[in-house]
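*Asks:* Sharing a structure below in structure tokens format, with a few things to ask.
The values are calculated or read from the model by the stated rules, or taken from the named source; none is laboratory data. On a predicted model such as this, the values are computed, not experimentally measured, just so you know. Here the Cβ positions follow ideal geometry from the backbone for every residue, glycine too, while neighbour counts run over all protein chains shown. Please note that ligands, DNA and RNA were not included when accessible areas were found on the heavy atoms of the full protein model with its side chains. Shrake-Rupley method; radii C 1.70, N 1.55, O 1.52, S 1.80 Å.
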Amino acid sequence: MTPDERLVPARRSLDNTLAELTQAKPFGKYDGYSSPPAETNVREYLYVILKRKWLILSLVLVVTSLVTIQAYRQPSIYEAGTTIRIESKPAPVLATGQVVINAPADPSFWGTQLKLLQNPTLARQVILSLNLQNNPAFLGGQAQSSVFASLKRIFSRERAATPPAQNPAADQTVTADEMKERQLTPEELARLEPYEDAIIGGETVEPTVGTSLVTIKYQHTDPALAQRIANTLADVFVQNNRERQESGTSKAEISLAQEIAKVQDKIHKEQDALYAFAKAVDLPLTPAAGLSIDVMKSNTYTAQLLQAENDRRSLQAAYEAAKNTPDLFANPEVQKDERIRNLREKISGLKDKESALLQKYTKEWPEVKQVEAQIKVAGDELAKAPVEVLQSMKARADAADTAYKSLEKVYSVQHGKTTSQTRNQIELAARSQELATDQQYLNTLMQKRREVTSTGADRGTDVGVSNYSRTPQLVGPARLRNIMIAFVLALVAGIGLAFLLDYLDDTVKSLDDVDRYIHLPALALIPSVRSEKRLRGAEPLKPSDTTALAMVTDVRSPVAESYRHLRTSLLLSSAGTPPKTILVTSSQPSEGKTTTAINTAFMLAQTGADVLIIDCDLRRPRLHSHFNLSNTRGLTNCLSGESDVEELIQTYDKLPKLKLLTSGPIPPNPAELLGSEEMRKLLVSLSERFTHIIVDSPPAISFTDSSILSTFVDGVILVVHGGRSSRAVVRRAKQQLLDVGAHIFGVVLNNVKVESHDSYYYAGYYSGYYKSDEYSDDDETAKENAQAASK
């Protein structure tokens with residue numbers, strides 16, 4: 001191995017068959033190629049924002065405009081405030097001889113007063129006092145204006161509120177008694193409900209901390225109407241409080257007197273009924289200490305009855321179980337019988353004695369016969385014993401049942417007496433409790449009547465108007481604040497949407513993405529044609545200029561300079577000698593691999609080297625269309641042995657150093673044809689004649705042609721369409737090539753918009769550099785040198 005080949009991965013044998021290539025093990029040459037992730041900085045965030053600046057600006061403009069129009073559609077709101085004084089009178093000194101000093105205030109006093117100020121009944125009185133139900137300006141002024149009126153309001157200055165009339169409130173308020181006398185029908189009440197809701201909705205009650213002052217504020221689009229409603233609310237509230245104080249004392253005394261008479265009569269009746277009931281049932285009026293004899297008897301009979309019931313159940317169950325047992329000796333009662341145990345022991349002893357005698361004598365021996373007779377007598381007696389035990393169990397069960405029935409009769413009689421006495425005691429206690437409750441209630445009523453009599457008019461709440469409303473002030477709506485909030489929120493939402501779209505974008509957009517996600521060297525960045533024309537301020541391409549070489553005919557273009565950079569990267573990609581055979585492929589169709597192959601070959605030929613470009617895309621050949629050549633005969637004819645390769649190679653007239661070999665007729669089996677021995681031999685023979693051979697192949701993901709051809713060449717260029725190719729698809733294409741041992745030179749990021757991420761510097765560089773006169777002079781010199789080399 002030469003020193004120049006030590007940096008190049010070992011090539012597979014050219015004699016490998018197509019089957020061997022499909023079974024190749026993974027080749028991890030670039031598995032370790034990685035770089036630390038780039039640190040996220042403010043500039044990257046700025047790139048994301050600038051890339052979608054029009055989306056952000058559109059969202060901000062639309063949202064802010066809609067909020068502005070809606071804000072100015074809302075009418076101007078004026079607020080009037082009337083201050084009233086609410087004081088709770090101190091607790092009175094009662095005529096009971098006890099003086100109450102510094103009595104605590106009612107904790108619910110202020111809450112009650114504030115709720116009364118927002119009462120629907122109070123709002124109804126204000127509506128009737130001001131005749132608001134017949135005033136179209138009350139509800140009509142709250143409606144939103146039209147869009148044209150709001151636009152007019154935007155560009156015109158808000159006028160100051162017209163001072164209201166001198167009349168601060170209604171000429172005459174409607175009192176609560178008048179409301180009762182009117183007797184409004186349900187239809188009239190339903191008609192007044194929207195007006196009541198409008199009064200309550202526009203009203204605000206604000207107590208002043210540390211004082212007895214409460215400010216009633218009301219907001220409306222009409223300043224005069226807002227002032228009149230605020231003042232009328234205060235006047236009606238003060239008048240209602242005065243009426244309650246005047247009628248409260250007399251009504252309370254009459255009501256208390258009637259209630260006291262009613263309770264006293266009820267107490268007398270309850271006392272007479274209580275005495276009569278206690279006498280009828282023979283019970284004392286006070287509960288006796290301890291339990292009565294009847295209760296003790298009932299408890300004793302209950303315990304005895306429960307015990308008798310348990311005994312009866314257990315004896316009856318034992319008897320039934322013994323009676324239904326097939327083997328009487330298995331009965332537990334039989335087994336526990338002492339007589340049966342003795343008989344069994346006796347029989348066992350006799351049998352032992354018989355066995356001992358039989359060892360010495362025969363069965364005819366008198367003593368043996370005597371023992372047998374004793375065993376028979378004991379056995380007969382043992383057989384009769386279980387029956388006697390069973391009869392004894394039945395007798396005990398019958399005796400327990402008789403005792404239970406007797407106790408049950410006695411318990412029933414005693415329980416009836418105890419139940420009746422308990423019921424009478426409960427009834428007596430309930431009547432006594434009811435009498436005590438009524439007596440306590442009577443004492444409370446008497447106390448209330450003494451309070452009312454002693455205090456008289458000193459009770460109640462002192463309410464008065466402190467000052468009426470002044471000129472209403474403009475309080476809303478906060479248009480500028482809402483517009484600024486909408487602007488900020490729309491801006492934040494637009495920026496967030498931009499970052500969300502950038503996060504969801506899984507395409508390869510920049511050289512950093514190639515390094516970070518693909519882990520391959522980036523050979524060059526090719527800008528899109530539109531971006532290149534925009535950088536230079538030139539006219540867009542005409543429909544006739546659609547070939548791949550149209551982008552590099554102008555040597556001043558950034559695209560041409562990018563392909564020169566690609567040429568330099570390729571020539572320096574291998575240590576020692578530049579690569580001869582180069583395969584150009586992509587992960588998926590329409591990524592610009594054919595354009596890249598053509599322009600790469602063109603740039604290599606400009607150096608004076610003999611370059612051949614072969615169209616190995618036997619499924620969709622495009623090389624001949626870019627050079628306007630015939631494709632009737634080409635690579636497929638050579639591989640099938642129909643003609644010599646020298647007859648099929650064509651020359652590009654504008655650059656004689658550039659030779660072309662078109663695909664020829666499309667075969668039915670492209671993969672087998674490209675993986676054949678003829679293809680390998682063809683590349684070997686052509687590499688001896690040409691300095692560089694550029695091979696255009698189908699996409700790596702869609703077909704296996706690229707994987708097969710990658711084993712015949714020195715290296716592979718992977719073309720990636722910027723902003724469209726998915727990272728996962730590109731990584732899959734890379735891994736598919738590495739699995740067959742391909743040598744990947746790197747990635748060409750094609751058709752990149754200069755506005756994207758890493759291209760801002762690129763755009764700024766070319767837009768300023770190509771406009772300078774110094775570069776124009778150098779460009780003319782380079783063009784002349786190129787023409788001289790071609791000659």
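*Asks:* Every residue in the range 439-451 that is over 15 Å from ALA261 (Cβ atoms) and surrounded by 16 or more Cβ atoms within 10 Å (Cβ to Cβ), please.
*Replies:* GLU451
*Asks:* Right, another one. Quick one: in the range 639-650, which of the residues that are modelled with pLDDT under 90 and either in a strand (DSSP E or B) or not aliphatic (A, V, I, L, M) (or both) is least open to solvent (accessible area, probe 1.4 Å)?
*Replies:* Looking at the filtered set, the residue picked out is SER643.
Table: residues versus (1) among the aliphatic types (A, V, I, L, M); (2) modelled with pLDDT under 90.
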| position | (1), (2) |
| --- | --- |
| SER531 | no, yes |
| THR577 | no, yes |
| LYS580 | no, no |
| LYS593 | no, no |
| ILE598 | yes, no |
| ALA605 | yes, no |
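*Asks:* When the residues of the range 413-433 are narrowed to those that are of a type in the set (Gly, Ala, Ser) and modelled with pLDDT of 75 or more, which ends up nearest to LYS297 (Cα to Cα)?
*Replies:* Checked the range 413-433; the qualifying residue nearest to LYS297 (Cα to Cα) is ALA429.
*Asks:* Pick from LYS659, LYS681: which is open to solvent by 10 Å² or more (accessible area, probe 1.4 Å) and under 20 Å from ILE598 (Cβ atoms)?
*Replies:* Criteria check complete, one pass: LYS659.
*Asks:* Filter the range 457-503 down to the residues that are closer than 28 Å to ARG73 by Cβ and in a strand (DSSP E or B), then identify the one that is modelled with the lowest pLDDT.
*Replies:* Among those residues, the one meeting the criterion is GLY476.
*Asks:* Return the residues of the range 650-676 that are in contact (Cβ under 8 Å) with a residue 12 or more places away in the chain and acidic (Asp, Glu); say none if nothing qualifies.
*Replies:* The one that is in contact (Cβ under 8 Å) with a residue 12 or more places away in the chain and acidic (Asp, Glu): GLU672.
*Asks:* GLU270: under 17 Å from TYR441 (Cα atoms) and open to solvent by less than 50 Å² (accessible area, probe 1.4 Å), yes or no?
*Replies:* Judged against the criteria, GLU270 is a match.
*Asks:* Here's a follow-up. How many residues are within 22 Å of the chain's Cα centre (by Cα) and in contact (Cβ under 8 Å) with a residue 40 or more places away in the chain when one looks only at the range 478-493?
*Replies:* 2
*Asks:* Are any residues in the range 579-606 on the phi < 0 side of the Ramachandran plot and surrounded by fewer than 17 Cβ atoms within 10 Å (Cβ to Cβ), and if so, which ones?
*Replies:* Filtering the range 579-606 for residues on the phi < 0 side of the Ramachandran plot gives 579-589, 591, 593-606.
Scanning the range 579-606 gives a single hit, PRO589.
*Asks:* Taking the criterion of being over 30 Å from ARG724 (Cβ atoms) and open to solvent by 10 Å² or more (accessible area, probe 1.4 Å), would at least one residue in the range 609-628 satisfy it?
*Replies:* Checked the range 609-628: at least one residue is over 30 Å from ARG724 (Cβ atoms) and open to solvent by 10 Å² or more (accessible area, probe 1.4 Å).
*Asks:* Still on this structure: Considering PRO621, PRO665, PRO670, PRO656, which residue is in contact with a helix residue (DSSP H, G or I) (Cβ under 8 Å, 6 or more places away or on another chain) and within 28 Å of GLN735 (Cα to Cα)? First the steps, then the outcome.
*Replies:* Details: PRO621 fails: in contact with a helix residue (DSSP H, G or I) (Cβ under 8 Å, 6 or more places away or on another chain); PRO665 fails: within 28 Å of GLN735 (Cα to Cα); PRO656 fails: within 28 Å of GLN735 (Cα to Cα).
Sole residue among the options that is in contact with a helix residue (DSSP H, G or I) (Cβ under 8 Å, 6 or more places away or on another chain) and within 28 Å of GLN735 (Cα to Cα): PRO670.
*Asks:* Which of the residues belonging to the range 492-510 are in contact with a Ser or Thr (Cβ under 9 Å, 6 or more places away or on another chain) and either within 28 Å of LEU737 (Cβ to Cβ) or open to solvent by 50 Å² or more (accessible area, probe 1.4 Å) (or both)?
*Replies:* At the first step, the residues of the range 492-510 found to be in contact with a Ser or Thr (Cβ under 9 Å, 6 or more places away or on another chain) are 494, 506-510.
Residues satisfying the conditions are ASP506, THR507, VAL508, LYS509, SER510.
*Asks:* Looking at (1) open to solvent by 50 Å² or more (accessible area, probe 1.4 Å); (2) at pLDDT below 80; (3) not hydroxyl-bearing (Ser, Thr, Tyr), which one does LEU94 not meet, given that it meets all the others?
*Replies:* (1)
*Asks:* What pairs come out if I take residues in the range 700-712 that are among the polar types (S, T, N, Q) and pair them with residues that are crowded, with 24+ Cβ neighbours inside 10 Å and part of a loop (DSSP other than H, G, I, E, B) whose C-beta lies under 7 Å away, six or more apart or interchain?
*Replies:* Cβ pairs passing all conditions: SER706/SER697; SER706/PRO698; SER706/ALA700; SER707/ALA700; SER710/ALA742; THR711/ALA742.
*Asks:* State yes or no: is SER392 open to solvent by less than 80 Å² (accessible area, probe 1.4 Å), at pLDDT below 75, among the hydroxyl-bearing types (Ser, Thr, Tyr) and part of a helix (DSSP H, G or I)?
*Replies:* yes
*Asks:* Can I ask one more? For the range 345-381, what are the residues that are surrounded by 15 or more Cβ atoms within 10 Å (Cβ to Cβ) and hydroxyl-bearing (Ser, Thr, Tyr)?
*Replies:* none
Per-residue answers, yes or no, for (1) in a helix (DSSP H, G or I); (2) at pLDDT 75 or above; (3) within 15 Å of GLY81 (Cα to Cα):
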residue: TYR218; (1), (2), (3): no, yes, yes
residue: ILE229; (1), (2), (3): yes, yes, yes
residue: LEU233; (1), (2), (3): yes, yes, yes
residue: GLY248; (1), (2), (3): yes, no, no
residue: GLU270; (1), (2), (3): yes, yes, no
residue: ALA278; (1), (2), (3): yes, yes, no
residue: MET296; (1), (2), (3): yes, no, no
residue: ALA303; (1), (2), (3): yes, yes, no
residue: ASN310; (1), (2), (3): yes, yes, no
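*Asks:* Being open to solvent by less than 60 Å² (accessible area, probe 1.4 Å), modelled with pLDDT of 75 or more and under 28 Å from LYS297 (Cα atoms) narrows it down to one of ALA436, ALA400, so name that one.
*Replies:* Going through ALA436, ALA400 in turn, the sole match is ALA400.
*Asks:* Mind checking which residues of the range 511-520 are within 12 Å of VAL720 (Cα to Cα) and open to solvent by 30 Å² or more (accessible area, probe 1.4 Å)?
*Replies:* Within the range 511-520, just LEU511 meets the criteria.
*Asks:* Here's a check for you: in the range 694-707, which residue that is buried (at least 24 other Cβ atoms within 10 Å of the Cβ) and hydrophobic (A, V, I, L, M, F, W, C) is farthest from GLY741 (Cα to Cα)?
*Replies:* So the residue we want is ILE694.
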